[in-house]
Each structure stands twice: as C-alpha cells, then as structure tokens.
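Rule-based calculations on the coordinates, nothing more; no lab input. All figures in this text were calculated on a predicted structure; none of them were measured in a lab. Cβ sites come from the backbone with ideal geometry, for glycine too, and all protein chains shown count toward neighbours.
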Amino acid sequence: MRILSVVGTRPQLIKAAALQPVLRRFCEEIFVDTGQHYDEAMAGTFFAELGLARPDHTLGIGGGGHGEQTGRMLIALEPLLRDAAPDAVLVYGDTNSTLAGALSAAKLGIPVAHVEAGLRSFDRRMPEELNRVVADHLSRWLFAPTAAAVANLAAEGITAGVVDVGDLMLDLAARVSAEIRDPATLKPIAEKLRLPLAPGRYLFATVHRAENRDPIAMAGWSALLGAVARPDRPVVLALHPGTRAALEAAGLTLPAGVAVVAPQGYRTSLALQLHSAAVLTDSGGVQRESAWLGVPCLVLRTTTEWVETIGGGGSAVLVGLDRQAAMRELSARAPLARTVEQAVDRAARIQLTGSGAAERIVAGLTAGTGAGDRN
Ligand code: UD1
Ligand code: UDP
C-alpha cells in the first residue's frame, strides 16, 4: 500500500517520528513536507533529533496569511498527488498543512486518513478548529486519540472509519522519558541556555496560539508570566518565532523574571517540562505532555480539545489570561515550599507506557489490503 503523508509544522514532525518507523514496515511512504515551519529550530532540527526520513518532496511554503498559505499548498500538492497516485493521503492534526493535504486529496478522489481526528474546542474562531472539522468530514479513516474525540465525531454523524487508536505523541514521550528522567539532564540544558536551572526552581512556558498574538492578549499573558515569576523561580519561555515577531511588531517587552529562549529540541522540551515547578502554555502538545509527566499545567486558553487533561485526575487547568486565577492555581498546585520536592519525586517515579497508536493506525490502514511486512 502506498501512503503519501503530509507534514509541515513542528508538532507534525514529532507525530510523524512516532508513526514513520511502523508505517514503513508495512507500507511504502511518500513523505511530503509543505515547509509551513521552516526555521532550523522549528523544523530542520527535528529531522536529525528524531531520525525522520528526508522528505521526498519539500514544498517550501511557509509564512503568509491563511488563505495564501493554504492556497499555495493546494497548488503545489495537486500535481504532486496526481503524479504519485497514492492509495491514501495521511494528514496529522489541525494545521493549514492538514487542511491542504486533506482537501487536495479529496478533490482528486484519493482516500484521506486523519490522525488526531475528532478533536473539538467548539470555538470556530480558532483556525485549527476549522481545519480539523473539514479534515474529518473529508476522511475515510479517522484515527481518534481519545474517547471524547470518538464521541465528538458521532455527534456530527461520523461513525464509519472511526477508530480510537490512542495518542501517537504519548508513544514518543514514553520512548524518550527514560532518557530525561535524571535531574542531571538539566545541567547541559542550563549551560546551553545560560540559566541557573534546578529541579522545581523554574516555570516552563510556551505561547503561540493565533489568539495570543494580538497586542491586548500579548499584554495579558506577558503580565501573567511576570506575576508568577519570582527571583528564585523564573519563567523560561521557549518562544515561537511568530510570537516573537508579533511582540516586536507591537513594541512589547517581557517583564523581568521571564527568560526568553529560542524554541528547543524535543528532548529538551520534555526535560524542561518534567523538571519544572509547573508549565504555562497554550500548546495542545505541551498540555498533554505535561499531563502525562504529571506536571501542573496552567493552560493560557479558555477552551481545550484535550478535555482529559483537565479536572479529575488531570494536572491541567484552564486559566486563560486571568492573572489572579493563574497565581491561585499555581500556589494550590505547586506551592513554593514544595516545588523542589514535587519535581524530584515526579522525576523519580515517572514511568510512561506508550498507547500503541502507531501500530493501530497502520493496522487500520492496511486492513483488507493484504499489505505484508516489508522487512
Ligand atoms: C501553526 C498551526 C498551529 C500549530 C502550530 C505549531 C495553523 C493554522 N496553525 O501555527 O495549529 O499549533 O503551527 O507550532 O496551521 N514563523 C517563523 N518561522 C517558522 C515558522 C513560522 O518565523 O519556522 C512565523 C512566520 O512569521 C509565520 C508565523 O510564524 O507567518 C506563523 O506561522 P504559521 O505556520 O502560519 O502558524 P503557527 O502560528 O506556527
Ligand atoms: N516543543 C519543542 N520545543 C519547544 C516547544 C515545544 O520541541 O521549544 C514540542 C513539545 O514538547 C511538543 C510539541 O513541540 O512535543 C508541541 O508543538 P507546538 O506547541 O508547536 O504545537 P501544538 O501542539 O500546539 O499544535
């Protein structure tokens, strides 16, 4: 079976790294990178770190508005898909690359497989919500990561082709967690970043959602980060280049106590989460990872599609840009006097088990095709 998979952004490279080794045992893969993310720190570095294959096609389409970016991807993908004539096109998540891959395949009558199907924030102001709704409704295979995602699809009348496969990102996190559990992992990171990082003595943050890039929102989260930072517990903000550009365009500077660093590699990102006092983020991936790692996570959004991480046994809480709520939740979940002990204990106990998503996705794709093990 020949699968053409489309990636383009940092989280898609990470998801592809979890699926690719299994996919390539059973299928021929044509690997296409739209180039939506193009900085070395956002894209190139993950190929080497995660052992991803070199793309067969690199489209070099990054930047621009949503319509322009998606349109250029459609223009580039259509002839490529027509020539490659794959049995299926596989897309991940909810980015413009997902939308372009699904739409161009569907228009050519090529079946679409959607990994991370069924997620809903029920907020259609989010570009991601539009992308995922369209991709789901165009797909033949809908690989849902959670039971809630399956229920969301059923509520929209989609049941055929839906399988709850688990979360690919958990598989990768489980594989890597043993390498980062030793608190000594922080030492080279601290040296590289020139920051005095010790377990439980810093907060880790990322911010990149479109709604958090307008000037009012940026002033809001920047004040929030400033309010939770303390001299003995700074915020380490791994800043997405798009957010950095938006801050510069608005002439905003971040408060003292917020140390801005470049986007980090995958293992560094996981290690910085695991050994922190708490995480503050608007990233879906980081929100899940910190939940798996058991790190308190303040989500800088008012909605989430990852409902399992919130309430009950989940370690995340939605605080939006509410400074008081952030300070309250932080003192409840990571009281200053206990953060070192919490971080040390968490790292000592960490034991993640993969979800088996990659195997289930490949089984779903190849069922009935007679595709054998290629090795
Ligand atoms: C995209 C996805 C979002 C995902 C995120 C992962 C869409 C609509 N959004 O958001 O769902 O969570 O990726 O990180 O697809 N830029 C650079 N260098 C890069 C990449 C981006 O400078 O390597 C800057 C450019 O100014 C670009 C801006 O960031 O215009 C936004 O990038 P874009 O890929 O359009 O969206 P993200 O915000 O990265
Ligand atoms: N990540 C990373 N370096 C960073 C910040 C995040 O490798 O500096 C990883 C993070 O650990 C997770 C993924 O990127 O695996 C999440 O991607 P992102 O936040 O860009 O997108 P989202 O998940 O919100 O779509």
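Could you work out the Rg to Rh ratio of the range 19-121, with Rh taken as the Kirkwood radius (inverse of the mean 1/r over all Cα pairs)? Working shown, then result.
Working: Rg = 13.6 Å, Rh = 14.4 Å.
My calculation puts Rg/Rh at 0.94.
Show me 297-306, 81-90, 154-163 ranked by packing, highest mean number of other Cβ atoms within 10 Å first.
Details: 297-306: 22.5, 81-90: 18.2, 154-163: 13.5.
Peptide ranking by packing, descending: 297-306, 81-90, 154-163.
Report, in deg cm²/dmol and to the nearest 500, the calculated mean residue ellipticity at 222 nm for the chain, where each DSSP H run with n ≥ 4 adds -39500 (n - 2.57) and the sum is divided by the residue count. Don't jump to the answer; show the numbers that get you there.
Working: 15 runs with 171 residues, N = 375.
Roughly -14000 deg cm²/dmol at 222 nm, from the helical runs in the chain.
Taking H placed 1.01 Å from N in the peptide plane, check which residues at least 5 places from Val261 or on another chain put their amide H under 5 Å from its amide H.
HN-HN under 5 Å from Val261: Leu237, Ala238, Leu239.
Karplus couplings for the range 51-58 from phi (6.51 cos²θ - 1.76 cosθ + 1.60, θ = phi - 60°), rounded to Hz, Gly and Pro as x?
Each residue of the range 51-58 in turn: x, 6, 5, 5, x, 6, 9, 10 Hz.
Within the range 159-199, name every residue whose backbone N is under 20 Å away from a label modeled 7 Å from Cα of Phe122 along the Cβ vector.
Flagged as within label range: 159.
Report the one residue of Pro145, Gly161, Ala174 whose Cα lies farthest in the direction of the positive end of the charge dipole of the range 130-196 (charges on C-beta: Lys and Arg +1, Asp and Glu -1; origin at the Cα centre).
Highest projection toward the positive end goes to Ala174.
I'd like to know which of Ala205, Thr302, Leu13 lies farthest towards the positive end of the charge dipole of the chain, counting +1 on Cβ of Lys and Arg and -1 on Cβ of Asp and Glu.
Ala205
Taking amide H positions as placed in the peptide plane 1.01 Å from N, state which residues far from Arg230 in sequence (5 or more) or on other chains have amide H under 5 Å from it.
Val235
With charges only on Cβ, +1 for K and R and -1 for D and E, what is the dipole size of the chain about its Cα centre, in debye, rounded to 20?
Working: 36 positive and 38 negative charges, 150 e Å.
Its charge dipole is roughly 720 debye.
Full-extension gain between Gln351 and Lys107, please, as 0.36 nm times their residue separation minus the C-alpha to C-alpha distance. Let's see the in-between values first.
Details: separation 244, 0.36 × 244 = 87.84 nm, distance 4.41 nm.
Fully extending the segment from Gln351 to Lys107 adds 83.4 nm.
Helix 127-138: angle to the longest alpha-carbon principal axis of the chain, degrees 0 to 90, nearest 10?
Rounded to the nearest ten degrees, it is 30.
Amide H of Leu318: which non-local residues (sequence gap of 5 or more, or other chain) have their own amide H closer than 5 Å, using H built in the peptide plane?
Val299
Using the Cα centre of the range 76-154 as the reference point, and only Cβ charges (+1 on K/R, -1 on D/E), how large is the resulting charge dipole? Debye, rounded to the nearest 20. Kindly include the intermediate steps, with their values, before the conclusion.
Working: 7 positive and 9 negative charges, 34 e Å.
Approximately 160 debye in magnitude.
To the nearest 0.05, what FRET efficiency results for Val260 and Val340 with a Förster distance of 41 Å applied to their C-beta separation?
On the way: r = 24 Å, r/R0 = 0.59.
E between Val260 and Val340, to the nearest 0.05, is 0.95.
Beta carbons within 10 angstrom, averaged per residue: use that to sort the peptides 135-148, 274-287, 49-62, highest first. Kindly include the intermediate steps, with their values, before the conclusion.
On the way: 135-148: 21.9, 274-287: 25.6, 49-62: 15.9.
Those peptides, ordered most packed to least, come out 274-287, 135-148, 49-62.
Work out from phi, with θ = phi - 60° and the Karplus expression 6.51 cos²θ - 1.76 cosθ + 1.60, the ³J(HN,Hα) of each residue of the range 188-204, listed in order in whole Hz, and give x for Gly and Pro.
After applying 6.51 cos²θ - 1.76 cosθ + 1.60, I find x, 5, 4, 5, 5, 7, 6, 10, x, 8, 9, x, x, 10, 7, 10, 9 Hz.
Please determine, in degrees from 0 to 90 and to the nearest 10, the orientation of helix 339-349 with respect to the longest principal axis defined by the Cα atoms of the chain, where the helix direction is its Cα long axis.
Long axis of 339-349 versus the principal axis of the chain: about 40 degrees.
Could you give the alpha-carbon Rg of the range 243-375 over 2.2 N^0.38 Å, rounded to two decimals? Walk me through the intermediate numbers first.
Details: Rg = 18.7 Å, N = 133, 2.2 N^0.38 = 14.1 Å.
That ratio works out to 1.33.
Report the gain in length on full extension from Arg175 to Ala148: 0.36 nm times residue separation, minus Cα-Cα distance, nm rounded to one decimal.
Details: separation 27, 0.36 × 27 = 9.72 nm, distance 2.49 nm.
Using 0.36 nm per residue and subtracting the Cα-Cα distance, I get 7.2 nm.
Compute the distance in nm between two label points, each set 7 Å from the Cα along the Cα-to-Cβ direction, one at Ala85 and one at Ala48.
3.9
If one takes the longest principal axis of the Cα atoms in the chain, at what angle in degrees, from 0 to 90 and to the nearest 10, does the Cα axis of helix 241-250 lie?
60
Report, ordered by chain and residue number, the lysines lying within cross-link reach of Lys107, taken as a straight Cα distance under 26 Å and ignoring same-chain residues fewer than 8 apart.
Lys15
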